[in-house]
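J.: This is the structure I have questions about; it appears just below.
The values are calculated or read from the model by the stated rules, or taken from the named source; none is laboratory data. Remember, it's a predicted structure, so these values are computed and weren't measured experimentally. Cβ coordinates were reconstructed from backbone atoms using ideal geometry, including for glycine residues, and neighbour counts include every protein chain displayed. Areas reflect the complete protein model, heavy atoms only, side chains present, ligands, DNA and RNA absent. Shrake-Rupley method; radii C 1.70, N 1.55, O 1.52, S 1.80 Å.
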Amino acid sequence: PDSQVVLVGCSESVIDRINDIISWKASWGKRSARLQSLALQISYKMGCGEDCQSEIRILSRIADMGMVGIEDRLLKHRLQLTGKDKLDYLKHIDIGRALIVSIDELSQMEGLYLDIYKRYDEWKDGLALSSRIINGAIGFDDIISSNEAEPYEKVIGLLIKEKGTIYCPKVVDAIISVVNKIIL
């Protein structure tokens, strides 16, 4: 219910403008639309209710807000980063958080936003389901984006490798089920 208020009450143009900047800066095109589509399909597969789906609709649009403050070279190679570059890339979480809390209509999403970037093995079911789903959708999108020429089995293998550590096992299973329907 509160999430639905945020979506209706928040000037969508603010989120849209930020997403336009992110899309232009990172050359990611319609990433938030991809995240939302996949995450909603995952939520349907998992039997989530309307409250969770409302949170997903918002989280998919704000998940990458912090990318506006990250260098393009870091965004392009985000999965291969180490050391200082990885630490600089991870600043996007704090940048996104600062943006979210600065917008009154979005500030109540701060906890859900931060949950997206927490490891599943450290927090387990203490993480909101909507955040776990967005986390998995982001992970899948990142793997696909960085391994475009790789066969489907290898991409799924990379996701499964992090099942239970970074990603919620139930979410990974749902992603595989959803993607199998699309591909097969």
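J.: Give the calculated FRET efficiency between residue 183 and residue 44 to the nearest 0.05, with a Förster radius of 22 Å applied to their Cβ-Cβ distance.
T.: Given R0 = 22 Å and the Cβ-Cβ separation, E is 0.80.
J.: If you count only protein heavy atoms with a 1.4 Å probe, what accessible area per residue comes out for segment 67-184, rounded to a whole Å²?
T.: Roughly 53 Å² per residue, with all protein chains present.
J.: Points 7 angstrom from Cα along the Cβ direction at residue 107 and residue 20: gap in nanometres?
T.: For residue 107 paired with residue 20, the spin-label model returns 2.6 nm.
J.: Give me the net charge of residue 141's neighbourhood, meaning all other residues with Cβ under 9 Å from the Cβ of residue 141; Lys, Arg count +1, Asp, Glu -1.
T.: So the surrounding residues net to +1.
J.: Rounded to the nearest 10 Å², what accessible area does residue 51 have for a 1.4 Å probe in the complete protein model?
T.: 80
J.: Determine the distance separating the Cα centre of segment 115-165 from the Cα centre of segment 39-62; give it in Å without decimals.
T.: 15
J.: Moving to a separate point now. Give, as ranges by residue number, the residues of segment 153-173 whose backbone N falls under 16 Å from the point 7 Å along Cα→Cβ of residue 122.
T.: 164-168
J.: With Cβ to Cβ distances under 10 Å as the rule, what net charge do the other residues near residue 165 carry (K, R +1; D, E -1)?
T.: Around residue 165, the charge tally is 0.
J.: Another question, if that's okay. Suppose the chain between residue 77 and residue 30 were pulled fully straight at 0.36 nm per residue; how much longer would it get relative to their current alpha carbon spacing?
T.: 15.1 nm
J.: Could you compute the net charge surrounding residue 78? Neighbours are other residues with a C-beta less than 9 Å from the C-beta of residue 78; K and R count +1, D and E count -1.
T.: +1
J.: Relative to the present Cα-Cα distance, how much length would full extension add between residue 142 and residue 88 at 0.36 nm per residue of separation?
T.: 17.7 nm
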